[in-house]
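To start, the structure under review is shown below, and the notes come after it.
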Amino acid sequence: MSCRRFVKCRAGVKDVKKATASSIAVMLLSGVVLCYGSIAEAETGGVNRLIVYADQGTETINRNIYGHFSEHLGHCIYGGFWVGEDSPIPNTRGIRNDVVEALRRIKIPVLRWPGGCFADEYHWKDGIGPRDRRPTMVNTHWGQVTENNHFGTHEFFDLCEQLGCEPYIAGNLGSGTVQEMQQWIEYITFAGKSPMADFRRKNGREKPWPLKYFGVGNENWGCGGRMSPQYYADLFRRYRTYIRNFGDNRITLSPAEPTAGTIIGQRF
């Protein structure tokens, strides 16, 4: 059986952000429609036409759907993003140039770190200050390898600046404290004088970093603490109370189980 297929488009979809969800669905289903139509064509001898009005889109696809996820799993961080300043692999302040160039080409909008399951056993103060003084830790989730904590808060934000993407921090709800999470936000975003802002300056960063996205835990129904929905919801309400906006920085909070690149949450 042979069939002639004809698709007429009033405009090409040059920018996926201009396409409507219905337009995309129509295009994805066009193969099914045309194959079905081929049967009818064989019976009637007619020509089937599918018209896609791709220039009439009214919805915008959230670019964060195409975000990425960086976890301390395998060689994603150590050997992947991070090789250290003394590595023979070309790098900028310890971050691999070839990896940055590759990710810049695909224009990732947002990068999530430190996990994943790893987030709920990561204590951020172990990953700041002089690298030779940072304590090591055992990555109990992924291979029980010992990590040196050389890739921490400053290195992550440096990576995001090199990539030109938004940072997304996943906070430690499973084994951390309210105070630890609150102080991390203050360390990152507070511009005034405070213990955490002064601590950041002592570690070499004068200005705060902008932070739009923050996750309260990760997979807390499973590797993040095996919590019941109600128990997690109560903890979320408690922790979010102390995740404050400092200055002009505004944070969108995410619950514990977003997909890798999707930002869902609430502004406060």
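Computed from the coordinates by the stated procedures, all read-outs in this text should not be read as laboratory data. Nothing here was measured: the structure is a model prediction, and the numbers come from that model. Methodologically, a virtual Cβ is constructed for each residue, glycine included, from the backbone with ideal geometry; neighbour enumeration extends over all protein chains shown.
Descriptive notes on the structure:
- Among residues other than N139 with Cβ under 11 Å from its Cβ, the summed charge is -3 (Lys and Arg +1, Asp and Glu -1).
- Euclidean distance between Cα centres, segment 142-177 to segment 186-205, Å: 18 Å
- Of the peptides 58-69, 110-121, the ranking by mean beta-carbon count within 10 Å, highest at the top, reads 110-121, 58-69.
- Whichever aspartates and glutamates have a C-alpha closer than 13 Å to that of K212, once near sequence neighbours (fewer than 8 apart) are set aside: E166, D248
- Formal net charge of residues neighbouring G67 (Cβ-Cβ distance under 14 Å; K, R +1; D, E -1): +2
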